[in-house]
1. Using Cα springs under 10 Å in a Gaussian network model of the chain, which residue among 180, 26, 152 shows the largest mean-square fluctuation?
2. Report, ordered by chain and residue number, the lysines lying within cross-link reach of residue 98, taken as a straight Cα distance under 27 Å and ignoring same-chain residues fewer than 8 apart.
3. Where the only charges are on Cβ atoms (+1 Lys, Arg; -1 Asp, Glu), what is the dipole of the range 130-207 about its Cα centre, to the nearest 20 debye?
4. Given R₀ = 41 Å, FRET efficiency for residue 18-residue 250 by Cβ-Cβ distance, to 0.05?
5. Quick query: amide H of residue 114 versus all other amide H atoms, modeled in the peptide plane; which residues come in under 5 Å with a sequence gap of 5 or more or a different chain?
6. What full-extension length gain, to one decimal in nm, is calculated for residue 5 and residue 261 as 0.36 nm per residue of separation minus the Cα-Cα distance?
7. At 7 Å along the Cα-to-beta-carbon direction for both residue 298 and residue 207, put a label point, then send me their distance in nm to one decimal.
8. Bin width 10 Å, alpha-carbon pairs only: give the P(r) of the chain as whole percents, running from 0 to the bin holding the largest distance.
Amino acid sequence: MWKKKGLVFKVKDHANELIKSHASIPFAYHIEKNVFRIYFSSRNENGKSLPYYVEAIVSEGNINIIGKVVGPILELGKLGSFDDSGIMPSCLIKNNDKLYMYYIGWNPQVTVSYRLSIGLAISYDNGLSFKRFSEGPICDRNLNEPYFNTAPFVTIENNIWKMWYISCTGWKMINNYPEPSYHIKYAESNDGINWNRNGNVSVDYDEKAQALGRPCVFKQNDIYNMYFSYRKTDKYRVLSSEGYKIGLALSSDGILWQKKYDDAGIELSDSGWDDQMMEYCHVFEHNEITYMLYNGNDFGKEGFGYAIR
(Lines give C-alpha, C1' and ligand atoms only; values in the text may rest on other atoms or scores of the structure.)
Protein backbone atom coordinates (compact mmCIF):
# COMPACT_ATOMS: atom_id res chain seq x y z
CA MET A 1 0.00 0.00 0.00
CA TRP A 2 1.05 3.55 -0.71
CA LYS A 3 1.30 6.03 2.12
CA LYS A 4 0.07 9.48 1.12
CA LYS A 5 2.27 12.40 2.15
CA GLY A 6 0.05 15.25 1.00
CA LEU A 7 0.19 18.21 -1.35
CA VAL A 8 3.86 19.13 -1.75
CA PHE A 9 3.57 21.82 -4.44
CA LYS A 10 0.75 24.33 -3.91
CA VAL A 11 0.05 26.58 -6.87
CA LYS A 12 -1.14 29.39 -4.62
CA ASP A 13 2.32 29.56 -3.00
CA HIS A 14 4.07 29.96 -6.37
CA ALA A 15 1.56 31.99 -8.39
CA ASN A 16 2.93 34.90 -10.41
CA GLU A 17 2.11 36.87 -13.54
CA LEU A 18 2.33 33.68 -15.62
CA ILE A 19 1.33 30.90 -13.23
CA LYS A 20 -2.34 31.33 -12.39
CA SER A 21 -3.57 27.76 -11.82
CA HIS A 22 -2.66 24.07 -12.05
CA ALA A 23 0.61 22.16 -11.77
CA SER A 24 -0.18 19.20 -13.99
CA ILE A 25 1.61 15.99 -15.05
CA PRO A 26 4.54 16.24 -12.63
CA PHE A 27 7.58 14.03 -13.18
CA ALA A 28 10.95 13.88 -11.47
CA TYR A 29 14.44 13.91 -12.98
CA HIS A 30 17.46 13.02 -10.83
CA ILE A 31 20.21 15.65 -10.84
CA GLU A 32 22.68 14.52 -8.17
CA LYS A 33 22.66 12.99 -4.69
CA ASN A 34 19.24 13.87 -3.22
CA VAL A 35 18.49 16.69 -5.66
CA PHE A 36 15.72 16.20 -8.22
CA ARG A 37 14.12 18.51 -10.72
CA ILE A 38 10.34 18.21 -11.01
CA TYR A 39 8.84 19.26 -14.34
CA PHE A 40 5.16 20.19 -14.72
CA SER A 41 2.83 22.53 -16.60
CA SER A 42 0.86 25.49 -15.28
CA ARG A 43 -1.84 27.61 -16.88
CA ASN A 44 -1.62 31.34 -17.48
CA GLU A 45 -4.44 33.89 -17.24
CA ASN A 46 -5.70 32.77 -20.65
CA GLY A 47 -5.83 29.13 -19.60
CA LYS A 48 -2.88 28.14 -21.80
CA SER A 49 -0.45 25.60 -20.34
CA LEU A 50 3.32 26.19 -20.31
CA PRO A 51 6.19 24.04 -18.95
CA TYR A 52 8.15 24.77 -15.79
CA TYR A 53 10.37 23.04 -13.27
CA VAL A 54 11.22 23.35 -9.61
CA GLU A 55 14.00 21.64 -7.70
CA ALA A 56 13.39 19.41 -4.70
CA ILE A 57 15.28 17.44 -2.08
CA VAL A 58 14.16 13.81 -2.02
CA SER A 59 15.35 12.02 1.10
CA GLU A 60 14.14 9.43 3.60
CA GLY A 61 10.62 9.35 2.24
CA ASN A 62 10.18 13.11 2.04
CA ILE A 63 10.06 15.56 -0.87
CA ASN A 64 10.84 19.18 -0.05
CA ILE A 65 10.60 21.91 -2.68
CA ILE A 66 13.61 24.25 -2.76
CA GLY A 67 14.08 27.47 -4.66
CA LYS A 68 11.76 29.19 -7.09
CA VAL A 69 9.87 27.91 -10.08
CA VAL A 70 11.87 28.23 -13.33
CA GLY A 71 10.24 28.82 -16.70
CA PRO A 72 8.54 28.74 -19.01
CA ILE A 73 11.28 26.49 -20.38
CA LEU A 74 9.60 26.39 -23.80
CA GLU A 75 7.42 29.04 -25.41
CA LEU A 76 4.22 28.39 -27.32
CA GLY A 77 4.59 27.41 -30.96
CA LYS A 78 4.00 29.66 -33.92
CA LEU A 79 0.45 30.73 -34.72
CA GLY A 80 -1.36 27.83 -36.34
CA SER A 81 1.16 25.17 -35.28
CA PHE A 82 0.29 22.12 -33.19
CA ASP A 83 1.43 23.65 -29.90
CA ASP A 84 0.38 27.29 -30.24
CA SER A 85 -2.18 27.03 -27.43
CA GLY A 86 -0.54 24.81 -24.82
CA ILE A 87 2.56 22.79 -23.94
CA MET A 88 2.55 20.11 -21.25
CA PRO A 89 5.77 18.10 -20.66
CA SER A 90 5.04 14.39 -20.33
CA CYS A 91 8.41 12.64 -19.82
CA LEU A 92 12.19 12.95 -20.08
CA ILE A 93 14.70 10.47 -21.46
CA LYS A 94 18.50 10.74 -21.47
CA ASN A 95 20.10 10.20 -24.89
CA ASN A 96 23.90 10.38 -24.58
CA ASP A 97 24.67 14.05 -23.82
CA LYS A 98 21.17 15.23 -24.70
CA LEU A 99 17.91 15.16 -22.78
CA TYR A 100 14.72 14.54 -24.76
CA MET A 101 11.50 16.04 -23.44
CA TYR A 102 8.36 14.60 -24.97
CA TYR A 103 5.43 16.91 -24.55
CA ILE A 104 1.76 17.43 -25.33
CA GLY A 105 0.87 20.14 -27.83
CA TRP A 106 -2.61 21.69 -27.59
CA ASN A 107 -4.88 23.23 -30.18
CA PRO A 108 -8.48 24.39 -29.62
CA GLN A 109 -11.02 22.98 -32.06
CA VAL A 110 -14.48 24.02 -33.28
CA THR A 111 -16.61 20.87 -33.28
CA VAL A 112 -14.83 19.33 -30.26
CA SER A 113 -12.88 20.84 -27.39
CA TYR A 114 -9.28 20.26 -28.44
CA ARG A 115 -6.73 18.40 -30.54
CA LEU A 116 -3.57 16.97 -29.00
CA SER A 117 -0.28 15.90 -30.58
CA ILE A 118 3.12 14.73 -29.35
CA GLY A 119 6.07 17.09 -29.64
CA LEU A 120 9.77 16.86 -28.83
CA ALA A 121 12.15 19.39 -27.31
CA ILE A 122 15.84 18.75 -26.65
CA SER A 123 18.11 20.01 -23.87
CA TYR A 124 21.87 20.30 -24.26
CA ASP A 125 22.48 21.46 -20.68
CA ASN A 126 20.94 18.59 -18.68
CA GLY A 127 17.44 19.98 -18.56
CA LEU A 128 18.00 23.63 -17.70
CA SER A 129 16.76 24.82 -21.09
CA PHE A 130 15.14 23.23 -24.12
CA LYS A 131 14.90 23.83 -27.86
CA ARG A 132 11.97 22.67 -29.94
CA PHE A 133 13.06 19.84 -32.23
CA SER A 134 10.61 20.79 -34.98
CA GLU A 135 7.67 23.07 -35.62
CA GLY A 136 5.55 20.02 -36.33
CA PRO A 137 4.70 17.11 -34.01
CA ILE A 138 6.62 13.82 -34.06
CA CYS A 139 3.34 11.91 -33.57
CA ASP A 140 -0.01 13.19 -34.78
CA ARG A 141 -3.28 11.81 -36.04
CA ASN A 142 -2.96 9.79 -39.23
CA LEU A 143 -4.73 7.30 -41.45
CA ASN A 144 -5.19 4.75 -38.67
CA GLU A 145 -5.42 7.12 -35.70
CA PRO A 146 -7.77 9.87 -36.88
CA TYR A 147 -8.46 11.79 -33.65
CA PHE A 148 -5.46 12.58 -31.45
CA ASN A 149 -2.34 11.16 -29.74
CA THR A 150 -0.94 12.45 -26.49
CA ALA A 151 0.78 11.93 -23.10
CA PRO A 152 3.71 9.65 -24.03
CA PHE A 153 6.01 7.79 -21.67
CA VAL A 154 9.32 6.75 -23.25
CA THR A 155 12.11 4.37 -22.24
CA ILE A 156 15.16 2.89 -24.00
CA GLU A 157 15.85 -0.83 -23.69
CA ASN A 158 18.51 -2.73 -25.66
CA ASN A 159 18.83 0.28 -28.01
CA ILE A 160 15.12 0.15 -28.78
CA TRP A 161 13.07 3.21 -27.93
CA LYS A 162 9.71 2.23 -26.47
CA MET A 163 6.73 4.54 -26.12
CA TRP A 164 3.40 4.04 -24.45
CA TYR A 165 1.00 6.79 -25.42
CA ILE A 166 -2.65 7.80 -25.36
CA SER A 167 -4.68 7.38 -28.53
CA CYS A 168 -8.19 8.75 -28.96
CA THR A 169 -10.71 6.48 -30.67
CA GLY A 170 -13.59 8.92 -30.94
CA TRP A 171 -15.79 11.63 -29.48
CA LYS A 172 -19.44 11.62 -28.53
CA MET A 173 -21.85 14.20 -27.16
CA ILE A 174 -22.62 13.65 -23.47
CA ASN A 175 -24.90 16.14 -21.73
CA ASN A 176 -24.49 18.43 -24.75
CA TYR A 177 -20.70 18.41 -24.41
CA PRO A 178 -18.17 16.51 -26.58
CA GLU A 179 -16.26 13.88 -24.59
CA PRO A 180 -13.38 11.75 -25.96
CA SER A 181 -12.56 8.09 -25.34
CA TYR A 182 -8.90 7.06 -25.39
CA HIS A 183 -6.77 4.06 -24.54
CA ILE A 184 -3.04 3.26 -24.28
CA LYS A 185 -1.04 2.13 -27.31
CA TYR A 186 2.56 1.06 -27.86
CA ALA A 187 5.16 2.12 -30.45
CA GLU A 188 8.88 1.58 -31.10
CA SER A 189 11.67 3.64 -32.62
CA ASN A 190 15.37 3.43 -33.45
CA ASP A 191 16.08 7.08 -32.74
CA GLY A 192 13.28 8.46 -30.54
CA ILE A 193 12.06 10.66 -33.39
CA ASN A 194 10.60 8.39 -36.07
CA TRP A 195 8.09 6.04 -34.50
CA ASN A 196 6.58 2.82 -35.82
CA ARG A 197 2.95 2.84 -34.77
CA ASN A 198 1.47 -0.54 -35.63
CA GLY A 199 -1.78 -0.18 -33.74
CA ASN A 200 -0.69 -2.23 -30.72
CA VAL A 201 -3.17 -1.57 -27.92
CA SER A 202 -1.49 -2.10 -24.54
CA VAL A 203 -4.30 -1.20 -22.14
CA ASP A 204 -7.81 -1.19 -23.52
CA TYR A 205 -11.29 -0.18 -22.40
CA ASP A 206 -13.44 -2.05 -19.91
CA GLU A 207 -16.43 -1.34 -17.68
CA LYS A 208 -14.32 0.87 -15.38
CA ALA A 209 -12.25 2.70 -17.94
CA GLN A 210 -13.55 4.52 -20.99
CA ALA A 211 -10.65 6.97 -20.85
CA LEU A 212 -7.13 5.98 -19.81
CA GLY A 213 -4.66 8.72 -18.93
CA ARG A 214 -0.88 9.14 -19.14
CA PRO A 215 1.01 5.93 -18.30
CA CYS A 216 4.18 5.54 -16.24
CA VAL A 217 6.21 2.40 -17.00
CA PHE A 218 9.15 0.72 -15.27
CA LYS A 219 10.54 -2.79 -14.82
CA GLN A 220 10.63 -4.61 -11.51
CA ASN A 221 11.90 -8.19 -11.22
CA ASP A 222 11.74 -8.52 -15.03
CA ILE A 223 8.06 -7.56 -15.04
CA TYR A 224 6.86 -4.34 -16.64
CA ASN A 225 4.75 -2.24 -14.28
CA MET A 226 2.46 0.47 -15.58
CA TYR A 227 0.60 2.98 -13.45
CA PHE A 228 -2.08 4.82 -15.38
CA SER A 229 -5.16 6.97 -14.85
CA TYR A 230 -8.63 5.78 -15.73
CA ARG A 231 -12.16 7.11 -15.62
CA LYS A 232 -15.58 6.79 -17.13
CA THR A 233 -16.89 9.32 -19.64
CA ASP A 234 -20.57 9.85 -18.83
CA LYS A 235 -20.61 11.60 -15.46
CA TYR A 236 -17.00 12.08 -14.42
CA ARG A 237 -17.42 15.85 -14.31
CA VAL A 238 -20.11 15.63 -11.64
CA LEU A 239 -19.53 12.32 -9.80
CA SER A 240 -16.24 11.58 -8.03
CA SER A 241 -17.02 7.88 -8.29
CA GLU A 242 -16.54 8.14 -12.06
CA GLY A 243 -13.58 10.54 -12.10
CA TYR A 244 -9.91 9.73 -12.59
CA LYS A 245 -8.32 7.11 -10.35
CA ILE A 246 -4.91 5.42 -10.50
CA GLY A 247 -4.67 1.88 -11.80
CA LEU A 248 -1.93 -0.71 -12.27
CA ALA A 249 -1.19 -3.09 -15.13
CA LEU A 250 1.52 -5.77 -15.46
CA SER A 251 3.24 -7.24 -18.50
CA SER A 252 5.98 -9.72 -19.34
CA ASP A 253 6.85 -8.08 -22.68
CA GLY A 254 5.68 -4.46 -22.36
CA ILE A 255 3.18 -4.90 -25.16
CA LEU A 256 0.34 -7.02 -23.78
CA TRP A 257 -0.83 -6.00 -20.34
CA GLN A 258 -3.15 -7.30 -17.63
CA LYS A 259 -4.94 -4.70 -15.50
CA LYS A 260 -4.66 -5.10 -11.72
CA TYR A 261 -7.00 -2.46 -10.34
CA ASP A 262 -7.08 -3.95 -6.84
CA ASP A 263 -3.28 -3.98 -6.61
CA ALA A 264 -2.69 -0.29 -7.33
CA GLY A 265 -2.60 0.33 -3.58
CA ILE A 266 -3.82 3.92 -3.61
CA GLU A 267 -7.34 5.33 -3.45
CA LEU A 268 -9.18 8.64 -3.27
CA SER A 269 -8.92 10.43 0.07
CA ASP A 270 -11.97 11.00 2.24
CA SER A 271 -11.50 14.76 1.95
CA GLY A 272 -9.09 17.36 0.63
CA TRP A 273 -7.23 18.01 -2.61
CA ASP A 274 -7.46 14.42 -3.94
CA ASP A 275 -10.89 13.28 -2.74
CA GLN A 276 -12.49 13.41 -6.22
CA MET A 277 -9.68 12.69 -8.67
CA MET A 278 -6.18 11.19 -8.80
CA GLU A 279 -4.25 11.12 -12.08
CA TYR A 280 -1.04 11.69 -14.09
CA CYS A 281 1.35 9.93 -11.72
CA HIS A 282 5.09 9.45 -12.01
CA VAL A 283 6.65 6.61 -10.01
CA PHE A 284 10.39 6.59 -9.30
CA GLU A 285 12.80 5.02 -6.82
CA HIS A 286 15.51 6.73 -4.79
CA ASN A 287 17.62 5.13 -2.05
CA GLU A 288 15.34 2.08 -1.84
CA ILE A 289 12.19 4.13 -1.35
CA THR A 290 9.56 4.33 -4.09
CA TYR A 291 7.84 7.68 -4.65
CA MET A 292 4.70 8.56 -6.58
CA LEU A 293 4.07 12.10 -7.74
CA TYR A 294 0.47 12.69 -8.80
CA ASN A 295 -2.30 15.23 -9.39
CA GLY A 296 -5.63 15.43 -7.63
CA ASN A 297 -8.94 17.19 -8.12
CA ASP A 298 -9.65 19.16 -11.29
CA PHE A 299 -6.59 17.84 -13.15
CA GLY A 300 -4.09 19.33 -10.72
CA LYS A 301 -5.65 22.73 -10.15
CA GLU A 302 -4.24 23.06 -6.62
CA GLY A 303 -0.86 21.50 -7.41
CA PHE A 304 0.70 18.08 -7.02
CA GLY A 305 1.34 15.74 -4.12
CA TYR A 306 3.08 12.47 -3.50
CA ALA A 307 2.95 9.10 -1.79
CA ILE A 308 5.66 6.61 -0.79
CA ARG A 309 5.99 2.85 -0.57
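1. For the chain, modelled as a Gaussian network with Cα springs under 10 Å, the answer is 180.
2. 33, 68, 78, 131, 162, 185, 219
3. Details: 7 positive and 10 negative charges, 54 e Å.
Charge dipole, the range 130-207, about its Cα centre: 260 debye, nearest 20.
4. Working: r = 40 Å, r/R0 = 0.98.
FRET efficiency, residue 18 to residue 250: 0.55.
5. The list, which skips near neighbours in sequence, is 109.
6. On the way: separation 256, 0.36 × 256 = 92.16 nm, distance 2.15 nm.
Full-extension gain reported as 90.0 nm.
7. Going by the 7 Å Cα→Cβ label model, 3.3 nm.
8. 6, 29, 40, 23, 3, 0
The values are calculated or read from the model by the stated rules, or taken from the named source; none is laboratory data. Here the structure is a predicted model, which means the values were calculated and not measured. Virtual Cβ from ideal backbone geometry, glycine too; neighbours counted across all protein chains shown. The accessibility values were calculated without ligands, DNA or RNA, using every heavy atom of the protein model including side chains. Shrake-Rupley method; radii C 1.70, N 1.55, O 1.52, S 1.80 Å.
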